[in-house]
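Enquirer: Take this structure first; my questions come after.
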């Protein structure tokens, strides 16, 4: 079985579409974290109709959401990674691999130079299975993927339409100051919950401020950026140590 990992974002969507058209024995799989925007399921169903294939949904049996991981493990993030990534995505993916005869993975890394480097590190980290990077092979950018989806008549995920760079969980612990200021505006209940968790744990998900002390104009003023957690979190884990020290 070749697994095409559907993350609910633009690049994984087009990678899955290409995989279905060019490969055999492909299973589409989505890992539910319990913390995605409620529009994520609408988008998944629209993509299923476009693909003409069902997307299998799997999730952690230990944790119900990112907040559940934070409360039970009392950890937000750090240079070595984020526990929500490993517990809700990587470990779920590894269990799926153990229970199924997975011979290959289809990833949504695009043709940007940084994404090409992430793809190479993925191959180096997991050399025992075949890796497919259809967007890189076809020189497709994220912008290209967004255009293809819109041309297909599919409404983009709500997080993109709200101005976020990725369709990650709402309130990603890897976000910087501009990201969290936008979350404060768009999802005040998520902001307040994370600010409360920080104080309970005694550590902030930011480098310079606790969220309840974050100046409302802090951070870069372009579209809020946050590392893409991706289909199963691996891309996020590969990049996080570098990203953790550069968030503004």
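Enquirer: Among (1) within 30 Å of residue 200 (Cα to Cα); (2) touching a residue at least 60 places away in the same chain (Cβ under 8 Å); (3) out of contact with any strand residue (DSSP E or B) (no Cβ under 6 Å at 6 or more places or on another chain), there is one condition residue 72 misses while meeting the rest; what is its number?
Expert: Among (1) within 30 Å of residue 200 (Cα to Cα); (2) touching a residue at least 60 places away in the same chain (Cβ under 8 Å); (3) out of contact with any strand residue (DSSP E or B) (no Cβ under 6 Å at 6 or more places or on another chain), residue 72 violates only (2).
Enquirer: Could you tell me which of the residues 244, 191, 187 is modelled with pLDDT under 95 and either out of contact with any strand residue (DSSP E or B) (no Cβ under 9 Å at 6 or more places or on another chain) or surrounded by 13 or more Cβ atoms within 10 Å (Cβ to Cβ) (or both)?
Expert: Numbers: 191 fails: modelled with pLDDT under 95; 187 fails: modelled with pLDDT under 95.
Only one candidate qualifies: 244.
Enquirer: Let me ask another. Taking the criterion of being assigned to a helix (DSSP H, G or I) and modelled with pLDDT of 90 or more, would at least one residue in region 225-240 satisfy it? Break it down into steps so the answer makes sense when it comes.
Expert: Residues of region 225-240 that are assigned to a helix (DSSP H, G or I), as a first pass: 234-240.
Subsequent filtering for residues that are modelled with pLDDT of 90 or more retains none.
The answer is no, given that none of the residues of region 225-240 is assigned to a helix (DSSP H, G or I) and modelled with pLDDT of 90 or more.
Enquirer: Of 25, 46, 67, which residue is over 17 Å from the mean Cα position of the chain (by Cα) and more than 19 Å from residue 154 (Cβ to Cβ)?
Expert: On the way: 46 fails: more than 19 Å from residue 154 (Cβ to Cβ); 67 fails: over 17 Å from the mean Cα position of the chain (by Cα).
Result: 25 is the single residue among 25, 46, 67 that is over 17 Å from the mean Cα position of the chain (by Cα) and more than 19 Å from residue 154 (Cβ to Cβ).
Enquirer: If you don't mind, there's one more thing I want to ask. Looking only at region 70-99, count every residue that is within 15 Å of the chain's Cα centre (by Cα) and at positive phi and tell me the total.
Expert: Number satisfying all stated conditions: 1.
Enquirer: Still on this structure, please answer the following. So which residues in region 197-215 are under 15 Å from residue 70 (Cβ atoms), within 24 Å of the chain's Cα centre (by Cα) and without any contact (Cβ under 8 Å) to a residue 60 or more places away in the chain, if there are any at all?
Expert: 206, 210, 211
Enquirer: So how many residues does region 1-12 have that are within 15 Å of the chain's Cα centre (by Cα) and within 23 Å of residue 95 (Cα to Cα)? Let's see the steps before the verdict.
Expert: Taking region 1-12 first, the residues within 15 Å of the chain's Cα centre (by Cα) are 4-12.
Adding the requirement that they be within 23 Å of residue 95 (Cα to Cα) leaves 4-9, 12.
Within region 1-12, residues that are within 15 Å of the chain's Cα centre (by Cα) and within 23 Å of residue 95 (Cα to Cα) number 7.
Enquirer: Limited to region 12-41, what total is found for residues that are outside any loop (DSSP other than H, G, I, E, B), in contact (Cβ under 8 Å) with a residue 24 or more places away in the chain and farther than 28 Å from residue 68 by Cα? Explain how you work it out, then say what you get.
Expert: At the first step, the residues of region 12-41 found to be outside any loop (DSSP other than H, G, I, E, B) are 12-22, 26-32, 40-41.
Still in the list and also in contact (Cβ under 8 Å) with a residue 24 or more places away in the chain: 12-20, 22, 26-32, 40.
Subsequent filtering for residues that are farther than 28 Å from residue 68 by Cα retains 14-20, 22, 26-27.
So the answer is 10.
Enquirer: Determine whether residue 165 is under 25 Å from residue 189 (Cα atoms), surrounded by fewer than 19 Cβ atoms within 10 Å (Cβ to Cβ) and out of contact with any strand residue (DSSP E or B) (no Cβ under 7 Å at 6 or more places or on another chain). Break it down stepwise before answering.
Expert: Working: under 25 Å from residue 189 (Cα atoms): yes; surrounded by fewer than 19 Cβ atoms within 10 Å (Cβ to Cβ): yes; out of contact with any strand residue (DSSP E or B) (no Cβ under 7 Å at 6 or more places or on another chain): yes.
Judged against the criteria, residue 165 is a match.
The values are calculated or read from the model by the stated rules, or taken from the named source; none is laboratory data. Computed from a predicted model, the values in this text were never measured in an experiment. Positions of Cβ are backbone-derived with ideal geometry, glycine not excepted, and every protein chain shown enters the neighbour counts.
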